[in-house]
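The structure appears below as structure tokens.
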Amino acid sequence: GHHVELTRTSYVTGNTLLTQVYEGDTLFVRADTLYDVSDSLGNDLLRSYHHVRFYRSDVQGRCDSLIFMERDSLMHLYLDPIIWNASNQVTADTIRVQFHQGVMESFRAAQQAFVISDAEAKTDSIVGPRRYFNQLKGREMIGRFQAGDLRWVRMVGNGELLYYPVEDKPNGQVMGWNRGTCSNIELRFLNQKPQGVLMERSADSLFKPIQMVEESEKNLTEFQWRESQRPFSKEDLIQE
């Protein structure tokens, strides 16, 4: 570790772990090297490099490089970034997460944005691998959270959508397959489930009963469910 008081600059390298305490929650960041610069008002700019993983109860992620700007409550993830929230997974070339008063408020995923959510979360009683995933991909994606839950996603440019409607009852089963393409897609969620879809500009959509869906149709191209890489606790960061 090294600290320069004159420039308020610090870095640590080798087996590093940052603990950032918020009201009611704590962010843990692990990386090969952590740099921290404080301005005259005490605001920190944190840079984390190589094999970055982080855990908070409402959001987890990994990437090669991460920058966190305390003054703006902004987290930037670069080089194969991925974030998880509840049953959702987001990937892109770069991802920016906005916090407000310590709570995750929104995200922006740029270039090759892809969001995946478990269509059977909270409904699937089958023991074994998951079978159906709601999916949305395109050039750029903006998402908003409320009380820690993903509520709204807007895909801008080259939008592709695949989702599985679920019966509206306790332990309801997947009843269909819906695939669509258009320039822009807006998807709203309630209790982690798609509740409304708006497709703009040259929309094309197809619906099938689930019994008619072929195995090759279940996922969009470049689909990757990477839950095995997800940290579920602070201890997962340390043990990896």
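Data overview
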{"item": "Listed peptides 23-29, 91-97, 211-217 by packing density, highest first (mean Cβ within 10 Å)", "result": "91-97, 23-29, 211-217"}
{"item": "Segments 33-40, 14-21, 176-183 sorted - mean Cβ within 10 Å per residue, highest first", "result": "176-183, 33-40, 14-21"}
{"item": "Carbon plus sulfur fraction of accessible area for the chain, probe 1.4 Å, in percent", "result": "48 percent"}
{"item": "Charge dipole (debye, nearest 20) of the chain; +1 at Cβ of Lys and Arg, -1 at Cβ of Asp and Glu", "result": "400 debye"}
{"item": "Accessible area in the full protein assembly, largest first, 1.4 Å probe, for 169, 137, 234", "result": "169, 234, 137"}
{"item": "Those aspartates and glutamates that a straight Cα-Cα span of less than 19 Å connects to residue 234, excepting residues fewer than 8 apart in one chain", "result": "23, 25, 32, 58, 64"}
{"item": "Extension gain from residue 216 to residue 69, taking 0.36 nm per residue of separation minus the Cα-Cα distance", "result": "48.6 nm"}
{"item": "Calculated FRET efficiency for the pair residue 15/residue 173, C-beta based, R₀ 51 Å, to 0.05", "result": "0.65"}
{"item": "P(r) weight above 28 Å for the range 1-148, C-alpha pairs, percent", "result": "25 percent"}
{"item": "Lysine pairs in the range 83-208 with Cα atoms under 20 Å, if 8 or more residues apart or on separate chains", "result": "5"}
{"item": "HN-Hα J in Hz across the range 205-215 - Karplus 6.51, -1.76, 1.60, θ = phi - 60°, x for Gly and Pro", "result": "9, 9, 10, 9, x, 4, 5, 9, 7, 6, 4"}
{"item": "Principal axis box of the range 66-112, alpha-carbon based, largest edge first, Å", "result": "28, 23, 13"}
{"item": "Radius ratio Rg over Rh of the range 97-240, counting only Cα atoms, Kirkwood formula for Rh", "result": "0.97"}
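The values are calculated or read from the model by the stated rules, or taken from the named source; none is laboratory data. Model, not experiment: these values are computed from the prediction. Reconstructed Cβ throughout: ideal geometry from the backbone, glycine too, with neighbour counts over all protein chains shown. Keep in mind that these areas ignore ligands, DNA and RNA; they rest on the heavy atoms of the full protein, side chains included. Shrake-Rupley method; radii C 1.70, N 1.55, O 1.52, S 1.80 Å.
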